[in-house]
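Right, one structure below, let's go through it.
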Amino acid sequence: MAQATHTCVCGAVLRFKQDMEKQPGSVSPTWRCKDCGTQIPGTVAEKISHQHPS
């Protein structure tokens, strides 16, 4: 399976769960860029949240 990545508006390349912050308080989690706080699209964030550096 190909590795999912997302380039944030601040220029950060999000590859792993550690690159994002999970926002509590909703039924489906909201993920934000750890560098700037911009919300990540749900589908992309869900894929990235399952990736861990090996």
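Taking region 6-35, which residues are aliphatic (A, V, I, L, M) and part of a loop (DSSP other than H, G, I, E, B)? Selection gives 9, 12, 27. Determine, yes or no, whether residue 36 is hydrophobic (A, V, I, L, M, F, W, C) and surrounded by fewer than 12 Cβ atoms within 10 Å (Cβ to Cβ). Against the criterion (hydrophobic (A, V, I, L, M, F, W, C) and surrounded by fewer than 12 Cβ atoms within 10 Å (Cβ to Cβ)), residue 36 qualifies.
Selection of first residues in region 1-22 that are of a type in the set (Lys, Arg) and of second residues that are part of a loop (DSSP other than H, G, I, E, B) and surrounded by fewer than 16 Cβ atoms within 10 Å (Cβ to Cβ), restricted to Cβ pairs under 9 Å at least 6 apart or on distinct chains, gives the following pairs, ordered by first then second residue: 15/3; 15/5; 15/53; 17/50; 17/52; 22/29. Of all the residues in region 16-33, those that are of a type in the set (Lys, Arg), surrounded by 14 or more Cβ atoms within 10 Å (Cβ to Cβ) and at pLDDT below 95 number 1. Scanning region 39-48 for residues that are assigned to a loop (DSSP other than H, G, I, E, B) and exposed (fewer than 11 other Cβ atoms within 10 Å of the Cβ) yields a total of 1. You will find that of 3, 51, the residue that is in a loop (DSSP other than H, G, I, E, B) and loosely packed, with under 12 Cβ neighbours inside 10 Å is 3 and no other.
Restricting 25, 11, 37 to residues that are of a type in the set (Gly, Ala, Ser) and out of contact with any Asp or Glu (no Cβ under 9 Å at 6 or more places or on another chain) narrows the list to 25.
State whether the residues of region 8-28 include one that is acidic (Asp, Glu) and more than 8 Å from the chain's Cα centre (by Cα). Show your work before the answer.
Applying the first criterion (acidic (Asp, Glu)) to region 8-28 yields 19, 21.
With the extra rule that they be more than 8 Å from the chain's Cα centre (by Cα), the set shrinks to none.
No.
Pairs are defined by a Cβ separation below 7 Å, a sequence spacing of at least 6 or placement on different chains, a first member in region 25-44 that is hydrophobic (A, V, I, L, M, F, W, C), and a second member that is surrounded by fewer than 11 Cβ atoms within 10 Å (Cβ to Cβ); the pairs so defined are 33/10; 36/10.
The values are calculated or read from the model by the stated rules, or taken from the named source; none is laboratory data. Everything numeric here is computed off the predicted structure, so don't read it as measured data. Glycine also receives a Cβ, built like all others from the backbone with ideal geometry; neighbour counts cover every protein chain displayed.
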